[in-house]
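Q: The following block contains the structure, expressed as structure tokens.
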Amino acid sequence: MSRSTPEYILAALPTHQIASLPHTRPVRVTDTLSIGGSEIVIAAGPCSIEGFDMLLASARHVKAAGASLLRGGAFKPRTSPYAFQGLGDEGLVIMAEVRDRTGIPIVTEVLDTRQVDRVAQIADVMQVGARNMQNFALLAELGRCGKPVLLKRGASARVAELLLAAEHIMANGNDRVILCERGIRTFETGTRYTLDISAIAVLKHETHLPVLVDPSHAGGRSDLVMPLSLAAIAAGADGLIIEVHPNPPAALSDADQQLTFEQFSDVMKQSARVAFACDRTIKLPDLNTRTAAESTEISPPFDLRRPARDKVAVA
Ligand code: PEP
Ligand code: MN
């Protein structure tokens, strides 16, 4: 897309800002959480909400490991109609209860215009999945929902189409949009999708909207989550959304790509090192809830709590 004649208006980085960093305008999620500032924000949790106990255990672990948002699908967009479709409204109730108990805000997917009000009553961030990126009626409804929206890139969508999808939400009154690169369809079969690292840099250059990366759905393999996470942070991502499950082999969806609690803690520790190298901060694991052995492991040879970069207005 030519920068001089953008097809998008609201999602475009104002021309006068192009030369001056930082470009990204942070999106406020709660009074204490924004996405797109100097801190790398991590969302983590199971692919699907399968029950109360597994979600509570997941929330406690990911929060203690440094995640700022709990992910989990109540309404699941499954390629096969015979696959587990999620717990639906019961899943939303479980999420709300887990948030009350743990204090971690939640991001969950909305599939349909008819669900927007119900999901907006519970979710802190409304997720639009890759399969719905160009569901324009849904995007318009989300423009009016009053909650921030995590907009995932369609598997076959160009960057310009992603930005135009964001434009649909913004043109309907909601400028709190966070973009998500989650891998695109290519000829490669070794991975589920191909993580488009270039798109992270292009988006950071062309829009003021924050960019998250989903290494779980991109690779489709748990062993790729660590390298893809580190690459995403190095390429400028404002955060990650990662699938974590108490017992991945038994997961009702996406079993191959979900991390164990231990694997997730490792990703957090390594991400902190790359974030530091990129002049970003990241929330460190809560040392009080960890064993002495784990605590010494995560002590980096340097202070990760760098001063924040210049503050910019929060959308
Ligand atoms: C998800 O994050 O739960 C999901 C279904 O991802 P995507 O829409 O990127 O396939
Ligand atoms: Mn999934």
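Q: Does region 28-294 come out rounded, prolate or oblate, given a ≥ b ≥ c as the square roots of the eigenvalues of its C-alpha gyration tensor, rounded meaning a/c under 1.5 and, failing that, prolate meaning a/b above b/c?
A: In terms of gyration-tensor shape, rounded.
Q: Which chymotrypsin sites (Phe, Trp or Tyr not before Pro) does region 185-293 hold that lie in a coil by DSSP with at most 14 other beta carbons within 10 Å?
A: PHE187
Q: Along the Cα-to-C-beta direction of ARG185, a point sits 7 Å from the Cα; which residues of region 102-140 have their amide N less than 16 Å from that point?
A: 130-135
Q: Let me ask another. Antiparallel DSSP bridges in the chain: what percent, to the nearest 5?
A: 15
Q: Moving on. Using r as the Cβ-Cβ distance of ARG101 and GLN134, and R0 as 45 Å, what FRET efficiency do you calculate, to the nearest 0.05?
A: FRET efficiency, ARG101 to GLN134: 0.75.
Q: Which whole-number percent is the relative contact order of the chain (Cα, under 8 Å, 6+ apart)?
A: With pairs under 8 Å counted, the relative contact order is 22 percent.
Q: Can you pull the one-decimal nm distance between simple spin-label points at ALA234 and SER80, each 7 Å off the Cα toward Cβ?
A: According to this spin-label approximation, the distance is 3.7 nm.
Q: Where in region 203-222 is the amide nitrogen less than 16 Å from a point lying 7 Å along the Cα-to-Cβ axis of ASP256?
A: Label zone hits: 215-222.
Q: Antiparallel as a % of all DSSP beta bridges within region 87-228, to the nearest 5?
A: If we restrict to bridges inside region 87-228, about 5 percent are antiparallel.
Q: For GLU7 and ALA201 in one chain, what is 0.36 nm times their gap in residues minus the Cα-Cα distance, to one decimal in nm?
A: Here the answer is 67.9 nm.
Q: Just how large is the dipole of region 28-294 about the Cα centre, in debye to the nearest 20, putting +1 at every Lys and Arg Cβ and -1 at every Asp and Glu Cβ?
A: Around 180 debye, computed over region 28-294.
Q: Hey, what do the phi angles of region 65-77 turn into as Karplus ³J(HN,Hα) couplings, whole Hz, using 6.51/-1.76/1.60 and θ = phi - 60°, x for Gly and Pro?
A: Those phi angles translate into 7, x, 6, 9, 9, 9, 9, x, x, 8, 9, 10, x Hz.
Q: If you don't mind, another one. Under the rule of at least 5 residues apart or a separate chain, name every residue whose amide H is placed under 5 Å from the amide H of LEU150.
A: So LEU150 has HN proximity to MET126, GLN127, VAL128, ILE178.
Q: At 222 nm, what value in deg cm²/dmol follows for the chain if DSSP H runs of at least 4 each add -39500 (n - 2.57) and the sum is divided by all its residues, to the nearest 500?
A: -9500 deg cm²/dmol
Rule-based calculations on the coordinates, nothing more; no lab input. On a predicted model such as this, the values are computed, not experimentally measured, just so you know. Every residue, glycine as well, gets a Cβ built from its backbone with ideal geometry; the counts of neighbours run over all protein chains shown.
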